[in-house]
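Asks: Let me begin by handing over the structure; questions about it come next.
The values are calculated or read from the model by the stated rules, or taken from the named source; none is laboratory data. Just so it is clear, the model here is predicted, and its values are computed rather than measured. Counting neighbours? That spans all protein chains shown, and the Cβs are built from the backbone with ideal geometry, glycine included. Protein only, heavy atoms only, side chains kept; ligands, DNA and RNA dropped before computing areas. Shrake-Rupley method; radii C 1.70, N 1.55, O 1.52, S 1.80 Å.
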Amino acid sequence: NLTGLGNPTLVAGAPSGAMVVDFDGVGDKLERTASLSGLPSGLADRTVYLVANYQSNGYGGFAYGATSCNQTFGAVVSPLGKLAVQGWCNTANSFISGGQGTGSGWLVQSVVLKADQMSHYRDGTLIDSRSHTYNTVVKKLVLGAELDSAPYLDMQVAAVLVYDRALSASEQSQVLGYLQE
């Protein structure tokens, strides 16, 4: 259960004709700040999928955690429009890939964390990989904006999936196939 702030709107917009949440970049977001449970925390393994159409730049997309160094985890777009994995604070914790996000149309962005090895994908293709020990704190979850709401993003979201383990390669393929349908 997420709380809407601003005016996020449910519209038909996915390539399949499915309904999506449309954020106009002006104060729109969905968030949850109370009773978060079941999300991977600390350095626990995890897999996150975000099906999005980024239409503006700025840190934001889907993230959960706390607004302290290395206490956030999320699949986002950077201020330069590149796909990124957010950890919060600086480039020692947030990793910007070479993959374009903003203006690329619909994409499936996924991140797998397994034993401190982060692998970042766009449409199933690896775009970044590195070792990092996350210390995610489960405090707040935000979709459509930065975790601290500065900035809000003009984007559309069709799906968010969070698994409390690192999916295997065959499981990742199955999920990607499902999301692409």
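Asks: Among the strands (runs of 3 or more DSSP E) contained in segment 82-157, which hold 3 or more residues that are in contact (Cβ under 8 Å) with a residue 40 or more places away in the chain?
Replies: Per the criteria, 82-86, 107-114, 140-143.
Asks: The conditions are (1) at pLDDT 95 or above; (2) in a loop (DSSP other than H, G, I, E, B); (3) farther than 18 Å from GLN156 by Cβ; (4) under 16 Å from the mean Cα position of the chain (by Cα), and ALA44 fails exactly one of them. Which is it?
Replies: (4)
Asks: Given the criterion at pLDDT 95 or above, touching a helix residue (DSSP H, G or I) at 6+ places or on another chain (Cβ under 8 Å) and open to solvent by less than 20 Å² (accessible area, probe 1.4 Å), identify the matching residue among VAL76, VAL51.
Replies: One residue alone meets the criteria, VAL51.
Asks: Quick check on my filter: what residues within segment 104-158 are touching a helix residue (DSSP H, G or I) at 6+ places or on another chain (Cβ under 6 Å) and either buried (at least 17 other Cβ atoms within 10 Å of the Cβ) or on the phi < 0 side of the Ramachandran plot (or both)?
Replies: Of everything in segment 104-158, just one residue is touching a helix residue (DSSP H, G or I) at 6+ places or on another chain (Cβ under 6 Å) and either buried (at least 17 other Cβ atoms within 10 Å of the Cβ) or on the phi < 0 side of the Ramachandran plot (or both), namely VAL108.
Asks: Looking at ASN57, ASN1, can you tell me which residue is in contact with a Leu (Cβ under 8 Å, 6 or more places away or on another chain), modelled with pLDDT under 95, farther than 22 Å from TYR134 by Cβ and of a type in the set (S, T, N, Q)?
Replies: It is ASN57.
Asks: Still on this model: I need the full set of residues from segment 159-181 which are open to solvent by 70 Å² or more (accessible area, probe 1.4 Å), in a helix (DSSP H, G or I) and either among the aliphatic types (A, V, I, L, M) or closer than 13 Å to VAL48 by Cβ (or both), in order please.
Replies: ALA169
Asks: Of the residues that sit in segment 28-41 and are part of a loop (DSSP other than H, G, I, E, B) and modelled with pLDDT of 95 or more, which one is nearest to ALA166 (Cα to Cα)?
Replies: Only one residue tops the list, namely PRO40.
Asks: Out of the residues in segment 18-42 that are in contact with a Leu (Cβ under 7 Å, 6 or more places away or on another chain) and within 11 Å of LEU141 (Cα to Cα), which is most open to solvent (accessible area, probe 1.4 Å)?
Replies: ARG32
Asks: Just checking, how many residues over segment 96-150 are within 12 Å of the chain's Cα centre (by Cα) and within 24 Å of PRO8 (Cα to Cα)?
Replies: 12
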